[in-house]
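Have a look at the structure below, then the notes.
Here, each number is a calculation from the coordinates, and none is a lab measurement. Keep in mind it's a predicted model, so treat the numbers as computed, not measured. Every residue, glycine among them, receives a Cβ derived from its backbone with ideal geometry; neighbour counts consider all protein chains shown.
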Amino acid sequence: MKMRFLALCTALAAATVLTGCSQWADSAAGRQKVTLWLMKGSASEDFIDRFTASFEQEHPGVDLDVRIQEWTGIGDKVNAVLKGTSREPADVIEVGNTQVAQYIETKGLSELTLEALREWDSKHWLKGLSEPASVNGAQYGVPWYAANRVVVYNKDLFANAGIKTPPKNRQEWIQATQKLDKGEQQGIYLAGQNWYVLAGFVWDEGGELAVETGGRWVGTLDDDKALAGMEFYKQLQALGDGPEAADEETPPQSQVFARGQVAQIIAPPGQAAEIEAANPALKGKLGFFPIPGKTSDKVGSVFTGGSDLIIPERTANREGAVDVITALVSEKWQTELARAMSYVPNRTTLAHVVEGNEGATNMAPGAAQGRATPASARWAEVEAKNPIKPYMTAVLTGQDPKQAARAASEEIGRVLSSDR
């Protein structure tokens, strides 16, 4: 990666930082600098090198300064840029799709509605990336890439059970998993607190995690539709030995699967590499299929993870920032990123570019109708407390679902609607 060192601010420039100037120019050379923050692991070093070289070649007189950021503590760093108190420049920032709402609340983001409509093909964006970045029809974040969960399965165990094709609907899925759940072999390893998976089942039933009513948020896990999603989760989870009081990382489900006696897990396709690293004997024996929906004509709903790109309102080089986003979301660089990182591109019209990558190909149908968590700036606080997890454990251990769901819903509503 091309590395550049920032010049020291003059006293005037230092004062300007506090008023929001984030683009520093090399006036002697007559060049402009655009600073792009990317999160660690989102793109390979090779991708960043090639993108930087291509962008600078196509934009003479512009230096693109790519800075890699850690996820830990990133919220405070981004907020400092948006408020104009940061001494580190940023003209374009990669943020998690579910984080955009909290940044919109700072009123420090540049609105990108017109560019989205005119230049970035927003009508085909993945909703799970675009909707959390929009408020009242105004767009503040631009989808960059998506990743979501699929079913990762052991081909040998499926073949031994006489299952020749992956299930296409919930009924077929349960029937296949029942066949696979025998002896020491688990039909599926599904931890009791994998709430992202539960969210998909809730959405399939027409339920929600929370809704905004009259300007206040209300948790809705105790709605009959949401309860139906939890009931299906319970039915599926029982066909394996997943812990009822832990999530998918305790222990890491990829490590459990790697032992060779688990037929399926629900995970991003990238976990296949972790499984093969832990057990090389499974290399070439892993398959993928979209999470089945209630009927065969529609795959199951999924939580869409991924990243959006934002431009701080205080940038002094909005035009250059827009140019960077235009390049990053172009078909060329969307294709390059998706193939290099096994991602789903940011819009449905590019789903074909991952053909040949089995994992990414099976992500794409779910991503096309993927969802995100409720678009509240306080949802991160819900996840920090996460009343959904103990609710799930309560149901799986025989407690009254309606009562447990009501308690979780009340806590969600308190967090989302309480004054800061």
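Its Cα gyration tensor gives the stretch 149-200 an equivalent ellipsoid; the semi-axes, largest first and in whole Å, are 20, 13, 10.
Ranked by the mean number of other Cβ atoms within 10 Å per residue, highest first, peptides 118-128, 334-344, 276-286, 90-100 order as 90-100, 334-344, 118-128, 276-286. Okay, which of the stretch 374-406 sit inside 13 Å, backbone N to the point 7 Å along the Cα-Cβ direction of Asn79? Under 13 Å, as judged by backbone N against the label point of Asn79, lie 377-381 of the stretch 374-406. Here the Karplus curve 6.51 cos²θ - 1.76 cosθ + 1.60, taken at θ = phi - 60°, turns the phi angles of the stretch 327-343 into couplings of 5, 5, 9, 5, 4, 4, 7, 5, 5, 4, 5, 4, 6, 6, 10, 6, 9 Hz, with x standing for Gly and Pro. Per-residue Karplus couplings for the stretch 84-101, computed as 6.51 cos²θ - 1.76 cosθ + 1.60 with θ equal to phi - 60°, are listed in order as x, 10, 8, 9, 9, x, 7, 9, 9, 10, 7, 9, x, 4, 7, 8, 4, 4 Hz, Gly and Pro entered as x. Put in line by how crowded their Cβ is, counting other Cβ atoms within 10 Å and starting with the fewest, Ile412, Ile266, Ile68 read Ile68, Ile266, Ile412. Its Cα gyration tensor gives the stretch 189-288 an equivalent ellipsoid; the semi-axes, largest first and in whole Å, are 32, 13, 11.
Hey, which lysines would be in cross-link range of Lys127, C-alpha to C-alpha under 30 Å, not counting anything within fewer than 8 residues on its own chain? Within reach: Lys40, Lys77, Lys83, Lys107, Lys168, Lys225, Lys234, Lys294, Lys298, Lys332, Lys385, Lys389.
Over the stretch 255-352, the alpha carbon radius of gyration divided by the compact-protein estimate 2.2 N^0.38 Å works out to 1.47. Quick one: of the DSSP bridges fully inside the chain, what percent are antiparallel, nearest 5? Antiparallel bridges: around 70 percent, rounded to the nearest 5.
Reducing the stretch 253-286 and the stretch 370-420 to their Cα centroids gives an inter-centroid distance of 30 Å.
For Ser296 and Thr349, the difference between the fully extended length at 0.36 nm per residue and the C-alpha to C-alpha distance is 16.9 nm.
Within the straight-line cut-off of under 20 Å between alpha carbons, the aspartates and glutamates reachable from Lys182 are Asp156, Glu172, Asp241, Glu244, sequence neighbours fewer than 8 places apart in one chain being disregarded. With both labels modelled 7 Å from their Cα along Cα-to-Cβ, the Glu119 to Gln255 distance reads 4.6 nm.
Modelled label positions at Ala277 and Lys155, each set 7 Å beyond Cα in the direction of Cβ, lie 2.2 nm from each other. The local environment of Ile412, defined by Cβ-Cβ distances under 15 Å, has a net charge of -2 under the rule Lys, Arg +1 and Asp, Glu -1. Given H placed on each backbone N at 1.01 Å, which residues far from Asp65 in sequence or on other chains put an amide H within less than 5 Å of it? Under 5 Å from the amide H of Asp65 lie the amide H atoms of Val34, Thr35, Leu36, each far enough along the sequence or on another chain. For chymotrypsin sites (Phe, Trp or Tyr not before Pro), the sites in the stretch 34-108 that DSSP calls loop and that have at most 13 other Cβ atoms within 10 Å are Trp71.
So what's the projected area for the stretch 50-97, the Cα convex hull averaged over all directions, in nm²?
Details: hull surface 17.7 nm².
Mean shadow area of the hull around the Cα atoms is 4.4 nm².
Once R0 is set to 35 Å, what does the formula 1/(1 + (r/R0)^6) return for the Cβ-Cβ distance between Thr106 and Glu45, expressed as a FRET efficiency to the nearest 0.05? For Thr106 and Glu45, the calculated efficiency is 0.65.
Note that the stretch 318-325 has calculated 3J(HN,Hα) couplings of 5, 4, x, 5, 4, 4, 5, 5 Hz, one per residue in order, obtained from phi through the Karplus relation 6.51 cos²θ - 1.76 cosθ + 1.60 (θ = phi - 60°); glycine and proline are x.
Peptide packing: for 403-411, 75-83, 194-202, the average count of neighbouring Cβ atoms within 10 Å per residue gives the ranking 194-202, 403-411, 75-83, highest mean first.
Mean separation of Cα pairs under 8 Å and 6 or more residues apart, divided by the residue count, gives the chain a relative contact order of 24 percent. For Lys33, the lysines whose Cα falls under 19 Å of its own Cα, not counting residues fewer than eight places away in the same chain, are Lys2.
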